[in-house]
Structure formats: C-alpha cells, structure tokens
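Values quoted throughout were computed directly from the atomic coordinates according to the rules given, and no laboratory measurement underlies them. Worth saying up front: this structure is predicted, and the values here are computed from it rather than measured. Ideal geometry is used to build each Cβ from the backbone, glycine not excepted, and the neighbour counts take in all protein chains shown.
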Amino acid sequence: MANISFFFPKKEKGNALALNAGLGNLGVSVMQFLVPIAITASVFGAIGGDAQVTTDGQRLWMQNAGFIWVPFLLVSTTFAWFGMNDIASAKASFAEQAVIFSRKHNWIMCWLYTGTFGSFIGYAAGFPLLMKTEFPEINALQFAFLGPLVGALSRSMTGWISDKWGGGRVTFWVFIGM
C-alpha cells in the first residue's frame, strides 16, 4: 500500500489508499461467501484429498478452505511480478529504512492501524458467530459475508474524508469509534 502514495498527489492520496485497501479487504467477504460452498464438493479432485464425514453422514472437504486461496494467490503473484509499477529510484539500505523505528508518529500510526484493521478482521470473524447465537433459525453462512462486504465497500468509498481532514485524524477517530 505504501507504494501507492508515490503515484498520487497529496490531496488524492487518501482516496487512492482507501480504494486500494477497501478493494483488498473484499477478499474477506469473498472468502466468507466461497468457502462454505467450496467445502461441500471435491473442487480440487484427487489432489485435494479425501472428504471428512460428519456424524450425520455429510461429506465435507474442509481442506478446500485453505486450498481455495491457491489459485487467487498464483494469479495475484503473477500480476504483481509482471505488472507492478515499482519505483526505480526507491533504493535504500536497511539502515536508511530503519530510521522509521525511531519516529514516534510511526509507532502511533501502527497502533491505530492495528486497532482499526484488527477490529475489522475481528468483527468479520465474529459476525457469523453472533448471527448464529442471536438468530439460530437462520443459516448464518448465507449472510456472514455481508458484514465484511459493507465494511470493505465503506472503506473504499470514504478516502475523500482523509483527503479533507488528514489520514492521521481520521484513523484516530475511527480507532475511537471501533
């Protein structure tokens, strides 16, 4: 994500970073939608392994929850390797980069970001459990992806707020809100 900052003027960085992060966070929602489907079939055939059988006789391929990532990772890695626009002039030794460890604002932003993004991931993981306990009559897996979907889309559409009031301030208030 830090690479994106170099390609946009300061007044547009918040929006660019928000689009990148929000669209990247869609992966949580996509997987919460796809994994329950993927574990119900032998998606990867013989290389995917045998199914586990539940007490009621249903066959589940739980390993598909991990294997489903492989095609996405291969495609993303290929696109990043061949299509990423790296900054040729950005060459720094480890010592030159290590200066960030002595900057207090870096540490503050790391804590704020960990709290906000960590909360997003925690809520995304907890949302299905909350739905299952509060609404036992519905199948929570049918709706679990909606929480992270709303979070990711709202993140990608609100970067202009950081452009207007500053990323640090917005991150601080989002941290407090979460």
Rg (one decimal) and Dmax (whole number) from the Cα set of the chain, in Å, equal 20.2, 61
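Any chance you could count the Lys pairs in the chain whose alpha carbons are under 23 Å apart, treating pairs 8 or more apart or on different chains as valid? Kindly include the intermediate steps, with their values, before the conclusion.
On the way: Lys10/Lys91; Lys10/Lys104; Lys10/Lys164; Lys11/Lys164; Lys13/Lys91; Lys13/Lys104; Lys13/Lys164.
Lysine pair count for the chain: 7.
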Volume per residue (Å³) of the convex hull spanned by the alpha carbons of the stretch 1-66 is 102 Å³
Ranked output for segments 134-144, 19-29, 63-73 by mean other Cβ atoms within 10 Å, highest leading, reads 19-29, 63-73, 134-144
Here the gain from full extension of Asn3 to Leu74, 0.36 nm per residue of separation minus their alpha-carbon distance, amounts to 23.5 nm
To the nearest 0.05, the calculated FRET efficiency linking Asp86 and Trp160 through their beta-carbon distance, R0 being 25 Å, is 0.40
One finds the C-alpha centres of the stretch 136-152 and the stretch 36-100 to be spaced, in Å, by 22 Å
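Taking N as the number of residues in the stretch 115-176, what value does Rg over Cα atoms divided by 2.2 N^0.38 Å take? Please report the intermediate quantities before stating the final value.
Values: Rg = 14.4 Å, N = 62, 2.2 N^0.38 = 10.6 Å.
Normalised by 2.2 N^0.38 Å, the Cα Rg of the stretch 115-176 equals 1.37.
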